[in-house]
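The numbers here are math on the coordinates, done by the rules we state, and not lab data. The model shown is predicted, which means the values in this text are computed figures rather than measured ones. Every residue, glycine as well, gets a Cβ built from its backbone with ideal geometry; the counts of neighbours run over all protein chains shown.
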Amino acid sequence: MGKYIYTYIENGQMYDKSPSLAELLAKEGLSCEKIVTGRIEYIKVKDFETQIKDAQWLVFTSKNAVAGFAYNMGKCELPAGVKIAVVGKKTQEALRTTCGLEADFVSLQAAGLELGKSLMNIAAGKVVYLCAEVTSGSLEEAMKDYGELIKIPVYRNEYVDTYAEYEMKDFIDVSGIAVTSGISGERIKWLIDKLGESGEVPVYSIGPACSKKLVEAGVKENRIIEACEHSYSGLVEAIKKSAGKPEA
C-alpha cells in the first residue's frame with residue numbers, strides 16, 4: 001500500500017486540540033504526506049462591533065471563522081439576546097474553546113448548505129455570517145431569499161503556489177489524495193492530473209462543497225470518493241473502506 005497525499009492549510013495562530021488528519025491516518029497505519037495549499041490570515045474588520053450590532057444570529061461554518069471572530073471581538077460585547085448557529089461538532093467545540101460561548105443551533109451535517117436550509121426555517125431578523133473572504137457559496141445559496149443576511153469576512157486563505165513548491169517532488173507509489181477543502185482541490189489540480197496519468201488515483205473529498213469545487217476544476221466525478229461524515233474522521237473512514245481496511 002502506498003502513501004496518501006493530503007492537503008493542509010497552515011494556521012499558526014489558532015489553538016486546536018483535536019487530532020490532525022495526519023495523526024488520524026498514522027493511527028490507522030497509513031503512510032501520508034502533506035501539501036500546504038494555503039495559509040490563514042485574519043482580517044481586521046473596521047467598526048466590527050457596529051457591524052454586528054442588532055444581529056439576531058451569528059453564523060459560523062468553520063473553525064477559522066470562529067478564530068477570526070475572536071480576533072476581532074477583543075473586549076467588544078455580544079449583541080443582547082443574540083443566538084449562534086454553527087456547522088457540526090468541530091465548529092461547536094472551537095466556539096466553546098476559543099470564545100467560551102455555546103452554540104444555540106448545530107447543524108446535523110457539517111455543511112454550509114444544510115445550515116443555511118435550517119436557518120431559513122428558524123431564523124428571524126438580522127443574520128450575520130462570519131466567514132472567509134472567499135466562500136464556497138453554499139450557505140449563501142441556501143439563504144438567497146433571506147432578506148437580512150450580512151456577510152462579514154474575518155479571514156482569508158492566502159494562496160500558495162503548490163506547483164512551484166512541490167512540482168519537483170517524487171510522488172511515486174501514491175494510493176490516494178485527501179482533499180480537505182474546495183480551494184485546496186483547485187490548487188492541486190495539477191497533481192491530481194499528474195497522478196491520473198499512470199492510473200486513476202482516487203481523490204477523497206471531505207464533503208459536498210469540496211466535491212463540487214473539484215468537479216468544477218475538471219476532476220472526473222468517478223475519481224472522487226466523498227466522505228459520508230464531513231470531517232477528518234470521515235475522510236479516514238473513506239480511505240480505510242477504499243483500501244480494504246476494516247472499519248472502526
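Using Cα centres only, tell me the gap between region 174-242 and region 76-104 in whole Å.
30 Å
Tell me, in nm to one decimal, what length is gained between Glu23 and Cys228 on full extension, where the rule is 0.36 nm per residue of separation less the Cα-Cα distance? Provide the component values of the computation, followed by the final result.
Details: separation 205, 0.36 × 205 = 73.80 nm, distance 1.97 nm.
Gain in length upon complete extension: 71.8 nm.
If you stretched the chain out fully between Lys34 and Ala217, how much longer would it get, using 0.36 nm times the residue separation minus the C-alpha to C-alpha distance? Can you show the working numbers first?
Working: separation 183, 0.36 × 183 = 65.88 nm, distance 2.06 nm.
63.8 nm is the gain from fully extending Lys34 to Ala217.
When the chain is fully extended, how far beyond the present Cα-Cα distance does Tyr159 get from Lys89, taking 0.36 nm per residue of separation? Could you put the intermediate results ahead of the total?
Working: separation 70, 0.36 × 70 = 25.20 nm, distance 2.76 nm.
Extending this stretch completely gives an extra 22.4 nm.
Checking the cross-link filter: which aspartates and glutamates have an alpha carbon closer than 17 Å to that of Lys169, excluding same-chain neighbours under 8 positions apart?
Straight-distance partners of Lys169: Glu33, Asp161, Asp193, Glu197.
With a cut-off of 17 Å, note down the residues of region 33-55 whose backbone N falls inside the zone around a label point 7 Å from the Cα of Ala80 toward its beta carbon.
The answer is 50, 52-55.
Treating only the Cβ of Lys, Arg, Asp and Glu as charged (+1, +1, -1, -1), what charge dipole size does region 26-69 show about its Cα centre? Round to the nearest 20 debye.
Numbers: 7 positive and 6 negative charges, 21 e Å.
Around 100 debye, computed over region 26-69.
Quickly estimate the mean residue ellipticity at 222 nm for the chain, helices only: each DSSP H run with n ≥ 4 gives -39500 (n - 2.57), and the total goes over all residues, rounded to 500. Don't skip to the end; give the middle numbers.
Details: 11 runs with 92 residues, N = 248.
So the calculated ellipticity at 222 nm is -10000 deg cm²/dmol.
Calculate the FRET efficiency for Glu200 and Cys99 from the Cβ-Cβ distance with a Förster distance of 45 Å, rounded to the nearest 0.05. Write down the numbers at each step before the final one.
Numbers: r = 43 Å, r/R0 = 0.97.
E(calc), rounded to 0.05, equals 0.55.
Projecting each Cα onto the charge dipole of the chain (Lys/Arg +1, Asp/Glu -1 at the beta carbon, about the Cα centre), which of Met120, Thr50, Ala132 comes out farthest on the positive side?
Ranked along the dipole, the leading option is Thr50.
Excluding same-chain residues fewer than 8 positions from Lys44, which aspartates and glutamates have a Cα within less than 17 Å of its Cα?
Glu77, Glu133, Glu158
For region 145-248, which GluC sites (Glu not before Pro) are both in a DSSP coil and crowded by at most 10 other Cβ atoms within 10 Å? Kindly include the intermediate steps, with their values, before the conclusion.
Numbers: sites: Glu148, Glu158, Glu165, Glu167, Glu186, Glu197, Glu200, Glu216, Glu221, Glu226, Glu229, Glu237, Glu247; in loops: Glu148, Glu167, Glu197, Glu200, Glu229, Glu247.
Within region 145-248, the qualifying GluC sites (Glu not before Pro) (loop, at most 10 other Cβ atoms within 10 Å) are Glu197, Glu247.
So what is the relative contact order for the chain, in percent, with contacts set as C-alpha pairs under 8 Å and at least six apart?
On the way: 460 pairs, mean separation 51.6, N = 248.
Once divided by the residue count of the chain, the mean separation gives 21 percent.
What dipole magnitude, in Debye to the nearest 20, does the chain give about its Cα centre under +1 on Lys/Arg Cβ and -1 on Asp/Glu Cβ? Numbers along the way, then the final one.
Working: 30 positive and 35 negative charges, 68 e Å.
Result for the chain is approximately 320 debye, rounded to the nearest 20.
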